[in-house]
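Visitor: Please see the structure below; I have some questions.
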Amino acid sequence: MPDAYILGIESSCDETAAAVVRSGEQVISNVVASQFATHQPYGGVVPELASREHLRAIVPVVRKALADAKHTYASVDAIAVTQGPGLAGALLVGISYAKALAFALDKPLIAVNHLEGHIHAVLLEERQKGNHELVFPVLALVVSGGHTHLYLAEQKDAGWTYENIGHTRDDAAGEAFDKVAKLLGLGYPGGPVIDRLAPHGNPGTVKFPPAQIKHRDRRERRHGKGETDNHRPRFDFSYSGIKTAVLRYVETHNMRSAIETRSKALARIAKAKIDDYLANCDKLTLDLVASFQRAMVEDLVGKTLAAARAYDVATLFVTGGVAANNELRQTFERDGAKEGVPVYFPSRPLSTDNAAMIAAAAYPKFLAKDWAAMDFSAEASLILR
Ligand code: KG4
Ligand code: ZN
């Protein structure tokens, strides 16, 4: 099988990204342009601004990915692009550009599910390290700003199939990190800041009650309570309760004015560093941050390992933006080892949104000649199966 060089393009949220990956196993180039500065003043991603920023960045980002890889538009074998899920307007920028390139260059076009991309970030890096021996069944936790999903992943011939056995009923885990950080005046995005502040607080200070899943969701109305479409056990998540509990703690401990002061002080610093955050956080805040992160990590790890036991999986993948979290990684490694299940993560740059994962997920489709039709469009709620 000759090598295939795939140009990946990703624009589903607030990162414009392009990458060249060889045969799903080697990152040749990987360029990510973050829109952090655009959205930061709003404390979250503004969809309209995201589309405009993608439009500005897409051409230079793809050019740089090709130049870094010492490739040209003509020398790549296929173009892969994220179809969804994500912000429709943002996705359309990447898709329109990828279609134009494929049409003008007469190259095959491959549509990729963003969530499948996150899973393939792990596979890509394991292959890059020379690890080609993957033991099935594989359970993948995709945990990011928009998603908290558990998938059983299977390889059939060259292609992959996925069965969802758990999802969040309300907020995604990354969304909870972002909302809690915003609530505490720590800015946006919250995950990386909370990650760095948590070791400076006492995680045993605030006890959060375990997440309770009260209402039945759409799938359960069709099938049994706590069951998948195939009548197998589900492991769902819920993070809006912990966010409300943090809010209540802030109110009962009169933290409002300190939060406002901190928020203003941090807004005056162009690129705040950990010492700037620490200088503006009291012990009460640091303890709350540490306790919040501990509760999030225990819930994510606890449910994922319970699912791993129920489905008797041999291998765990943990991927998506929140997989960059230090305490989450350490806890998964420690508790996974106790259960005898190896846990694989992508490196931190490939945990958050990037296009190398899109180019890697496209490779099995390239082998199967699974081309996208020229009239395919963005799907904001694309399901992975
Ligand atoms: O995968 P990603 O880049 O974009 C989405 O597909 O959503 O994930 C972004 C999310 C944000 O919510 C961000 O706060 C969170 O991942 N995140 C983290 C960390 N780094 C990013 N959460 C916890 N700890 C981190 N170190
Ligand atoms: Zn993502």
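Laboratory data are not the source of any read-out in this text; all were calculated from the coordinates shown. Given the structure is predicted, the values throughout are model-derived calculations rather than measurements. Reconstructed Cβ throughout: ideal geometry from the backbone, glycine too, with neighbour counts over all protein chains shown.
Visitor: Tabulate in residue order the Karplus-calculated ³J(HN,Hα) for segment 47-63, using 6.51 cos²θ - 1.76 cosθ + 1.60 with θ = phi - 60°, rounded to whole Hz; enter x for Gly and Pro.
Guide: Here the 3J(HN,Hα) series is x, 4, 5, 4, 4, 4, 5, 4, 4, 6, 8, 4, 5, x, 5, 5, 4 Hz.
Visitor: Which value in Å is the Kirkwood Rh of segment 110-243 over different Cα pairs? Walk me through the numbers before you get to the answer.
Guide: On the way: mean 1/r = 0.0579 Å⁻¹.
For segment 110-243, inverting the mean 1/r across all distinct Cα pairs yields 17.3 Å.
Visitor: While we're looking at this one, here's another question. What's the local net charge at Phe208, with K and R +1, D and E -1, over the other residues with C-beta under 13 Å away? Display every interim value, and only then the final one.
Guide: Numbers: positive: Lys207, Lys243, Arg248, Arg294; negative: Asp287, Glu298, Asp299.
Spelling it out: positives minus negatives among the neighbours equals +1.
Visitor: Measuring from a point 7 Å past the Cα of Thr72 along Cα-to-C-beta, which residues in segment 88-126 have an amide N at less than 18 Å?
Guide: Zone members listed by number: 101-108.
Visitor: Now for a separate question. Using a 7 Å offset from the Cα along the Cα-to-Cβ direction at both Arg52 and Leu247, what is the distance between the two label points in nm, to one decimal?
Guide: Placing both labels 7 Å along Cα→Cβ, they lie 2.9 nm apart.
Visitor: Go ahead and run the numbers for FRET between Ala306 and Ile259, Cβ-Cβ distance against an R0 of 25 Å, rounding to 0.05.
Guide: Working: r = 35 Å, r/R0 = 1.41.
According to the calculation, E is roughly 0.10.
Visitor: For segment 206-212, take each phi angle, set θ = phi - 60°, evaluate the Karplus expression 6.51 cos²θ - 1.76 cosθ + 1.60, and give the result in whole Hz per residue in order, putting x for glycine and proline.
Guide: 10, 9, 8, x, x, 4, 10
Visitor: What ranking do 158-166, 105-113 get when scored by the average of other Cβ atoms within 10 Å per residue, highest first?
Guide: Values: 158-166: 17.1, 105-113: 19.9.
Listed from highest to lowest mean packing, they are 105-113, 158-166.
Visitor: Pairs Lys179/Lys264; Lys99/Lys369; Lys303/Lys338; Lys283/Lys303; Lys207/Lys283; Lys129/Lys338: which exceed 19 Å Cα-Cα?
Guide: Details: Lys179/Lys264 17 Å; Lys99/Lys369 17 Å; Lys303/Lys338 15 Å; Lys283/Lys303 30 Å; Lys207/Lys283 16 Å; Lys129/Lys338 24 Å.
In this structure, Lys283/Lys303; Lys129/Lys338 exceed 19 Å between Cα atoms.
Visitor: Still on this model: What is segment 69-149 by shape, rounded, prolate or oblate, if you read a ≥ b ≥ c off the alpha carbon gyration tensor as root eigenvalues and call it rounded for a/c under 1.5, prolate for a/b larger than b/c, and oblate otherwise? Don't skip to the answer; put the middle values down first.
Guide: On the way: a/c = 2.86, a/b = 1.34, b/c = 2.14.
Taking the square roots of the gyration eigenvalues as a ≥ b ≥ c, segment 69-149 is oblate.
Visitor: Residues with amide H under 5 Å of Ile165's amide H, sequence separation 5 or more or different chain, H placed in the peptide plane at 1.01 Å from N; which?
Guide: Answer set, sorted by chain and number: Leu150, Tyr151, Leu152.
Visitor: Along each principal axis of its Cα atoms, how long is the chain end to end? Whole angstroms, biggest number first, please.
Guide: Computed over the chain, the largest-to-smallest principal extents equal 63, 49, 40 Å.
Visitor: I want the local charge near Ala50. Using Cβ-Cβ distances under 10 Å, sum +1 for each Lys or Arg and -1 for each Asp or Glu among the other residues.
Guide: Numbers: positive: Arg52; negative: Asp14, Glu15, Glu48, Glu53.
The answer is -3.
Visitor: Could you derive backbone 3J(HN,Hα) for segment 18-33 from the dihedral phi with the Karplus parameters 6.51, -1.76 and 1.60 (θ = phi - 60°), listing whole Hz in sequence and x where the residue is Gly or Pro?
Guide: Residue by residue, segment 18-33 yields 9, 7, 10, 10, 8, 6, x, 9, 8, 6, 8, 8, 7, 10, 10, 9 Hz.
Visitor: Moving to a separate point now. Would you mind putting 72-84, 17-29 in packing order, based on average other-beta-carbon counts within 10 Å, highest first? Show your work: numbers first, answer last.
Guide: Values: 72-84: 20.8, 17-29: 23.5.
For the peptides 72-84, 17-29, the packing ranking is 17-29, 72-84.
Visitor: So which GluC sites (Glu not before Pro) in segment 101-144 are both in a DSSP loop and have at most 12 other Cβ atoms within 10 Å of their Cβ? Before the final figure, lay out the partial values.
Guide: Details: sites: Glu116, Glu125, Glu126, Glu133; in loops: Glu133.
Qualifying residues, ordered by number: Glu133.
Visitor: While we're here: Given labels modelled 7 Å from the Cα in the Cβ direction, how far is it in nm from Asp229 to Lys369?
Guide: My value for the distance between the label points is 2.8 nm.
Visitor: Which order, highest average first, do 311-323, 226-238 follow once you tally other Cβ atoms within 10 Å for each residue and take the mean per peptide?
Guide: Values: 311-323: 23.1, 226-238: 16.2.
The packing order, highest mean first, is 311-323, 226-238.
Visitor: Would you work out the charge dipole size for the chain about its Cα centre, treating the Cβ of every Lys and Arg as +1 and the Cβ of every Asp and Glu as -1, and quote it to the nearest 20 debye? Each step should come with its number before you reach the end.
Guide: Details: 44 positive and 44 negative charges, 149 e Å.
Value, rounded to 20: 720 debye.
Visitor: Cβ under 12 Å from Trp160's Cβ, Trp160 left aside: what net charge do those residues give with Lys, Arg +1 and Asp, Glu -1? Intermediate results must be reported in sequence, preceding the final value.
Guide: Values: positive: Lys156, Lys365, Arg385; negative: Glu116, Glu154, Asp157, Glu163, Asp370.
Neighbourhood net charge equals -2.
Visitor: Could I ask something else about it? Can you give the angle from 0 to 90° between the axis of helix 88-105 and the longest principal axis of the chain, with both taken from C-alpha atoms, to the nearest 10?
Guide: The angle comes out near 20 degrees.
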